[in-house]
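Working notes, beginning with the structure itself.
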Amino acid sequence: LTTNTIAGRLFYRMGSRSLALVEVSQSSADYRSALSLDDSTARSYYLGYTWDATAATTGIVKVGRTTKDMDVAGRAGYSGSSWEATMRWMPRTYSMFELQTTRATSESTGVGTYDLNTSTSLNWKHNWTNSLQSDAEVSTLSRKYGDSSRSDRANTFSLAVDYTLLRWLTIGVDMAHTNYSSSDPTAEYKRNVVMFTLSATL
């Protein structure tokens, strides 16, 4: 698969700490196999706003429309709403919350002509001491498949804790739980992952 992307963005200053923007992008997907029917061209058009209200609050929101046209006649494409948003809040220098949400198309994962993914995540990073840090996140992903009645949903919770033993040595544990549901019962699963980490720098 070869993907070529081109994008342009125009900003307009609204105030000392905020900007309006217009963004246009195009991405083409070219599969190497001559038998593939999934070659396509996607175009996105956004109006947006970005702000840095205070040292503690920043964000960017883009809302618009995406079209995904399949190169092969008769293959179902997409034309509809899309968005990208990231909002960050730091109530303390040692604590940060970040909310992200997106809706966008992606290449087919084997079902239908393309994937339409809508995701939302809330992340909290906190430094409890100079040596102890945590990173917790809850997220949800909704996936629909072009030219297919199937739809999936994944809910995930993850927690990572790191402890700095020495200036050059950090140990940690990462835990994640995913509950994957689908209109296709054979695709459903629940998964728990636990990893222990050791990081050393010279």
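With only Lys, Arg, Asp and Glu charged, each at its Cβ (+1 for the first two, -1 for the last two), find how big the charge dipole of the range 1-149 is about the Cα centre; round to the nearest 20 debye.
It comes to approximately 520 debye.
Using only the Cα atoms of the chain, build the gyration tensor, take square roots of its eigenvalues as a ≥ b ≥ c, and label the shape rounded, prolate or oblate: rounded if a/c is under 1.5, else prolate if a/b is larger than b/c, else oblate.
oblate
Find how many whole Å separate the alpha carbon centroid of the range 58-95 from the alpha carbon centroid of the range 171-202.
If you average the Cα positions of each part, the centres end up 25 Å apart.
With +1 on each Lys and Arg Cβ and -1 on each Asp and Glu Cβ, and nothing else charged, work out how big the dipole of the range 38-95 is about its Cα centre, in Debye to the nearest 20.
The calculated dipole for the range 38-95 is roughly 280 debye.
Straight distance only, please: which lysines reach the Cα of Lys62 with their own Cα at less than 27 Å, same-chain residues fewer than 8 apart left out?
In chain and number order, the partners are Lys125, Lys144.
Taking a probe of 1.4 angstrom, what is the accessible area of Glu23 in Å², to the nearest 10?
20 Å²
Can you find, among Thr113, Val138, Ser149, the residue farthest towards the positive end of the dipole of the range 88-150? Put +1 on the C-beta of Lys and Arg, -1 on that of Asp and Glu.
Looking along the dipole axis, the top candidate is Val138.
Given Cα pairs under 8 Å that are at least 6 residues apart, what percent is the relative contact order of the range 51-191?
That works out to 14 percent.
Name the chymotrypsin sites (Phe, Trp or Tyr not before Pro) in the range 55-158 that are in a loop by DSSP and that have at most 13 other C-beta atoms within 10 Å, would you?
Tyr94, Trp128
Calculate the spin-label point distance for Ser182 paired with Thr3, positioning each point 7 Å from the Cα along the beta-carbon direction, and give it in nanometres.
Result: 2.1 nm between the two label points.
Using a 1.4 Å probe and ignoring any ligands, DNA or RNA, find the accessible area of Lys144 and quote it in Å² to the nearest 10.
Per-residue accessible area (Lys144): approximately 110 Å².
Dipole magnitude of the range 4-53 about its Cα centre, charges +1 at Lys/Arg Cβ and -1 at Asp/Glu Cβ only, in debye to the nearest 20?
260 debye
The values are calculated or read from the model by the stated rules, or taken from the named source; none is laboratory data. All values reported here derive from a predicted model rather than from experimental measurement. In this analysis, Cβ positions are derived from the backbone assuming ideal geometry, glycine residues included, and neighbour counts consider all displayed protein chains. Heads up: the accessible areas ignore ligands, DNA and RNA and are worked out on the full protein's heavy atoms, side chains in. Shrake-Rupley method; radii C 1.70, N 1.55, O 1.52, S 1.80 Å.
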